[in-house]
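> Take this structure first; my questions come after.
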Amino acid sequence: MNAELGHFALILALAVAMFQMIVPMLGAAKGWTGWIDSARPAAIAQFGLIGLSFAALTAAFVSSDFSVRLVFENSHTAKPMIYKISGVWGNHEGSMLLWVLILALFGAAVAIFDENLPPSLRARVLSVQGAIGVAFLAFILFTSNPFLRLESAPFNGRDLNPLLQDPGLAFHPPFLYLGYVGLSVAFSFAVAALIEGRVDAAWARWVRPWTLAAWVFLTIGIALGSWWAYYELGWGGFWFWDPVENASFMPWLLAAALLHSAIVVEKREVLKSWTILLAIMAFGFSLIGTFIVRSGVITSVHSFANDPERGVFILAILAVFVGGALSLFSFRATSMQAKGVFSPISREGGLILNNILLAVAAFVVFIGTVWPLLAEMLWDRKLSVGPPFFDKAFTPFMIVLAIVLPLGAIVPWKRAKPGKAARSLRPALVLAAAVMALVYAVSTGHSALAVIGAGLGSWLVAGAAVDLRLRAGSSGLARLGRLPRADWGKAVSHAGLGVTFIGVSLLMAWQVEDIRIAQLGDSFEVAGYTVTLEAVVEQPGPNYEATVATMKVEKGGREVARLHPEKRVYPVQAMPTTEAAIQNGLFRDLYLVIGDEQLGGGWAVRTYIKPFASWIWLGATLMALGGLISLSDRRYRVAAGAKRQMAQLNAAE
């Protein structure tokens, strides 16, 4: 009965979503209070029904109900419980159910927490959220029903894709969807503002916390995916410019631009049209990512489905929502006039440059991602766009962004004196130059990548510290503790970006790789370390067979690690996976991989020395932490400033 209950709840959720889409919008247009107020209970009811449906599917996976086709195709009785649960969203149908659950969650959150919103605006926002819910609930029910039954229940299932049976991939999709789908709130606010014909500082204050929350979740999701690729795929890479990786990175860049643009709208009442456009495009690129993952247009270890018909349905959703929003934007753009004036050398100018760099960088990633598809479709040519293109085309924008970010953070609004800002950042410049000199001195072959990346990263970290010091003023440490949390959050996030810059550049410039065939008992040298293959044994796992190596690592005659890399084979799917053994450190990772046994004897062994690898994810953690610190600022939680500004505007009218 669980499957039938879940299916029925999903149908009811579609009916409620249709009500939420139509009735509050009409009520807002006509000024009918009862219809306007119906948006809140409808949003909460939709979330409750989809939550019930998701719980029913989870119960089917946990109980190994193989009469449900989705459970049969993606689970197995021997699978550990954590992967039975993550198997709910480790497939196309279940992941789409999680998608709409998170969409409904954000709608319910707007209904519950945004009490200071004008009722008509809240009704329109929730109505747009309801329309998105209608589209995706219809997509699930008509093309991707997760509750289909089999005529006769098999004794066991086909198991989950072994690559997904990993803690990193268990939590990666939910966080990624929280980011993807969270941007729907910014989109709904943008469309609601266009319908009302008013975009002001209060609107920017309301939209910022939702965008920030989505950006934080997207940051965590991308970092988890990068971490998984690093230790699971066995090649030691953290980013491959895979189309699905790019699909999550593009909305992250646009969401970052939207956050900074909304600040200008809130503080100076300018960039209104641009901010609305960013809100539309950020969610639009989230839908593009959904299309890429589920349409079958690309082949990737991340892709969920290979069904062009489903892809056409998602493409239609993309065209309707983004095309409709852009059409509405074209009619309303002239009404969103800027009120403030400013000099190019000002906080506004710095934020505009920040937006240009982030938006163009996202466009570069988009071109590199879709160009092979366009070439094959238009000219019947198979092309491959890989890391060399992205490294050369994308990196310059990030370099310029890193240079201007500390400057833009400290200059005043409206008009600034460049010389004064430069003098304030002199300590940061000295530190960056010292770090560049140190890295240059120790670099083998004097790698420019290491020198530039370390210098830019240090510049960002030191610039964030200078920004905090300037905000504290002459009071020094006593005032630091009283600074608004949003200021601390901004500084921590900017510093986190700098830490990531340092980690990426030093890892790519200084890493050492050794690939060889090693016999049992063999020792070999890699970058000053002595690695010995001591033993290789077969060990059974809960639902796999593992080949486990014991490898001793010494330096200067002293043992520094004894690691156990694995090669696993999952019999049900007859699929091998690699489990690298990594000794993580603050300044370097030891990374060992055992491969296949060779016909002539011995084992394929990969050894990597990866300097500063952990700084990549430390930086991502700091960026997400900075966002969370900003979200904890009381001004964002209650939007008190926005409420006062709206009251003043209403009184003036």
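Every number in this text was worked out from the coordinates using simple rules, so none of it is lab data. For clarity, every value in this text was computed on a predicted model and none was experimentally measured. Cβ: placed from backbone, ideal geometry, glycine included. Neighbour counts: every protein chain shown.
> Using Cβ counts within 10 Å as a stand-in for footprinting exposure, how do PHE612, PHE389, PHE240 rank, fewest first?
Lowest to highest Cβ neighbour count: PHE389, PHE240, PHE612.
> Moving on. What is the Å³ per residue value for the convex hull set by the Cα atoms of region 1-43?
Numbers: hull volume 2.1 nm³, N = 43.
It is 49 Å³ per residue.
> Under 22 Å from the Cα of LYS552, which lysines turn up, not counting those fewer than eight places away in the same chain?
Within the straight-line cut-off, LYS552 pairs with LYS567, LYS610.
> In straight Cα distance, which lysines are under 27 Å from LYS417, not counting same-chain residues fewer than 8 positions off?
Once the sequence-local lysines are set aside, what remains near LYS417 is LYS267, LYS272, LYS339, LYS490.
> Can you work out ³J(HN,Hα) from phi for every residue in region 203-216, in order, using Karplus 6.51 cos²θ - 1.76 cosθ + 1.60 and θ = phi - 60°, giving whole Hz and x for Gly and Pro?
Result, ordered by residue: 4, 4, 5, 6, 7, 4, x, 5, 5, 5, 4, 4, 5, 4 Hz.
> While we're here: Between GLY595 and residues 5 or more places away or on another chain, which pairs have amide H atoms under 5 Å apart, with H built 1.01 Å from N, and which residues are they?
Here ALA604, VAL605, ARG606 satisfy the definition.
> Further question on the same structure: Test of the criteria: in region 401-503, which trypsin sites (Lys or Arg not before Pro) are in a DSSP loop and have at most 13 other Cβ atoms within 10 angstrom of their Cβ?
Those that pass, being in a loop and sparsely packed, are ARG482.
> Let me know the whole percent of all Cα-Cα pairs from the chain that are separated by more than 49 Å.
17 percent
> Residue by residue through region 153-167, what is 3J(HN,Hα) from phi via Karplus (6.51 cos²θ - 1.76 cosθ + 1.60, θ = phi - 60°)? Round to whole Hz and write x for glycine and proline.
6, x, 6, 8, x, 8, 6, 7, 3, x, 5, 8, 8, 7, x
> Give the distance, in whole Å, between the Cα centre of region 88-124 and the Cα centre of region 507-531.
50 Å
> A further question on this structure: Using amide H atoms built 1.01 Å from N in the peptide plane, name the residues 5+ places from ARG588, or on other chains, whose amide H lies under 5 Å from its own.
The answer is PHE612.
> Give the distance, in whole Å, between the Cα centre of region 231-276 and the Cα centre of region 47-70.
That distance is 33 Å.
> Then there's this: With n ≥ 4 as the cut-off for DSSP H runs, can you work out [θ] at 222 nm for the chain, using -39500 (n - 2.57) per run divided by the number of residues, rounded to the nearest 500? Display every interim value, and only then the final one.
On the way: 22 runs with 426 residues, N = 653.
Rounded to the nearest 500, it is -22500 deg cm²/dmol.
> Give the order of TRP32, TRP488 when sorted by the count of other beta carbons within 10 angstrom, beginning with the fewest. It would help to have the intermediate numbers written out before the result.
Values: TRP32 15, TRP488 20.
Fewest-to-most Cβ neighbours within 10 Å comes out as TRP32, TRP488.
> Additional query: Order these by the 10 Å Cβ neighbour count, fewest first: SER614, SER330.
Ordered by Cβ neighbours within 10 Å, fewest first: SER330, SER614.
> Considering all alpha-carbon pairs of region 1-164, what whole percent are spaced by more than 29 angstrom?
Here the long-distance tail beyond 29 Å is 27 percent of all Cα pairs in region 1-164.
> If amide H atoms are built 1.01 Å from N in the plane of the peptide, which residues on other chains or at least 5 residues away come under 5 Å of the amide H of VAL526?
When sequence neighbours closer than 5 places are left aside, the close amide H contacts are VAL531.
> With θ taken as phi - 60° and the coefficients 6.51, -1.76 and 1.60, list the Karplus ³J(HN,Hα) couplings across region 606-612 in order, rounded to whole Hz; mark glycine and proline as x.
10, 10, 10, 10, 10, x, 6
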